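The values are calculated or read from the model by the stated rules, or taken from the named source; none is laboratory data. This one's a predicted model, so the numbers in the text were calculated from it and none came from an experiment. Please note: Cβ atoms are built from the backbone with ideal geometry, for glycine as well, and neighbour counts cover all protein chains shown. The area values use the complete protein model at the heavy-atom level, side chains included, leaving out ligands, DNA and RNA. Shrake-Rupley method; radii C 1.70, N 1.55, O 1.52, S 1.80 Å.
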Amino acid sequence: RACVAARGPGFGLQGALVQSPPVSAGSRPRRPPRSRTGAAMSSSPWEPATLRRVFVVGVGMTKFVKPGAENSRDYPDLAEEAGKKALADAQIPYSAVDQACVGYVFGDSTCGQRAIYHSLGMTGIPIINVNNNCATGSTALFMARQLIQGGVAECVLALGFEKMSKGSLGIKFSDRTIPTDKHVDLLINKYGLSAHPVAPQMFGYAGKEHMEKYGTKIEHFAKIGWKNHKHSVNNPYSQFQDEYSLDEVMASKEVFDFLTILQCCPTSDGAAAAILASEAFVQKYGLQSKAVEILAQEMMTDLPSSFEEKSIIKMVGFDMSKEAARKCYEKSGLTPNDIDVIELHDCFSTNELLTYEALGLCPEGQGATLVDRGDNTYGGKWVINPSGGLISKGHPLGATGGHSCS
C-alpha cells in the first residue's frame, strides 16, 4: 500500500492519495449503502448516489534532469516519452482515451495541446490544462479521477511536465498582486524577510518554529536529506544519484540558515503520466491483473488557522495536510499502521518532518523521535520517499505528484 501526499508549499494547495495494492476489478467492491429496496443511498443530499471505482492501469515517466543540461529536452519531447510509456504500460492505444488533464506551471497557454497533438495523437478529445503550483501533477490526477468517478469518462490520461529555469523560483509578473502576499506578510511580521529566496525562508522558519516549540535539532532535518539522497542511489529516474554522509549534508552550501543545498529540492525538467480507468474499462480491456485502485484522494486549500494563529508551520500547510490525510484515512478505512510506503512532499527537509506529523505517523512534535528511530527508511516502520523524494529525485512542478504514481 502507499500513501502519497503532495502540496503546493505555502501556496494553499494540498493533495493526498492512498492507493491499494494491485487488485482485480470486481474483487473488492466498494459500494454506497443501500436501502431495503436495494437502491443506492447517498450519505449527503449533495453527493451522487453512486461514485464509481477508479483504477490506475498504466504509468510512465522520464528521468528528471537539471534545466539547461546537455540531456535536457523541450516539453513536447518530455510529454511524449512519459505519455507513450504510460500507454504502453496500459497496453491500450491513445484512441481509447476519452479526456486528458495536463499539468504544467511554466509555459504559455495550451502547452497541453501542443504536448499531446504531435506525439500521442489528435483525436478531438477535451484536453484540460492545469496550473496549481507544486500540486499541479496531483491536481491533474485529481481531476482525471473525478471525471471517471462521476461517470463522465471511462479512461483519462493524467499528464504532467515541466521545463524550468535554473535557480530558485521567482515572481513572473511584477504588475499585479503576488498570490503569496498574505503568506509573506505573516512571515515578515513574525521573523522578518531577507534577500534570500522566499520559499527557503518560509520552510526554514517553519523548521525554526518547530525547534523552538518542540526541541527538534538541526541534525534531525539533515538526517532527512541524508536519507533521501541515500534512497535515490538505486533510482535511475532521479536527478541526483550520489550518496552523502550526514556531515557532508550539513556542511554543504547554505541556502538559508541551517537549510543546506542537500536538504533542498532542485529545479528540474521532467514529465510523468498515468492512465486512469473505470471498472468497466478495466474489464473490457482485460487489465485486471495490473489495475491499482485509488481508494481515497483528497485535495485541500488553506484553512483560517493557516493565517490566524500566526504560525509559520501552519502557514506552509500543516493543517490542510492533516485534514486531507484524515479524510483519506476515513474514506479508505486505512490507518498509518496499514501503510508500508509513503511518497510525500519534501521540497525541503523541514517539510518532510512536518508532514510526518500531519499524516499522523507520530504525535505532533514527535517527528524528530521518528527520525531517530529510523522509522522513515528501510528496516523501520515505513519507507518514506524511496524514490529519493524531491530533494534528490528532483521537482519539475507539473510532474510532481504524478511521479508518485509512476
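Miscellaneous remarks
- Helix axis angle, 75-90 relative to the chain longest principal axis, alpha carbon, degrees: 50 degrees
- Cα-based helix-to-principal-axis angle, 318-332 vs the chain, degrees rounded to 10: 30 degrees
- Folded to 0 to 90 degrees: helix 198-214 orientation relative to the chain principal axis, Cα: 70 degrees
- Ordered from largest to smallest accessible area (heavy atoms of protein chains, 1.4 Å probe), the residues C265, C328 come out as C265, C328.
- The range 184-216 versus the range 316-392: alpha-carbon centroid distance in Å: 21 Å
- Selected from P179, P200, P386 as most flexible by GNM, with the chain as the system and alpha-carbon contacts under 10 Å: P179
- Helical contribution to [θ] at 222 nm, DSSP H n ≥ 4, -39,500 (n - 2.57), averaged over the chain, rounded to 500: -9500 deg cm²/dmol
- In the range 150-225, inverting the average of 1/r over every pair of distinct C-alpha atoms gives 16.2 Å as the Kirkwood radius.
- Nearest-10 value in Å² for the accessible area of I224, using the 1.4 Å probe: 0 Å²
- Computed over the chain, the alpha-carbon pair-distance distribution with 10 angstrom bins reads 5, 23, 33, 25, 11, 2, 0, each value a whole percent.
- The fraction of Cα-Cα pairs per 5 angstrom bin, counted from 0 for the range 122-250, comes to 2, 7, 11, 12, 15, 15, 14, 12, 7, 3, 1, 0 percent, rounded to whole percents.
- Per atom type, the range 72-114 shows carbon and sulfur on 43% of its accessible surface, probed at 1.4 Å.
- Computed magnitude of the charge dipole of the chain (debye, nearest 20; Cβ of K, R +1, Cβ of D, E -1): 1020 debye
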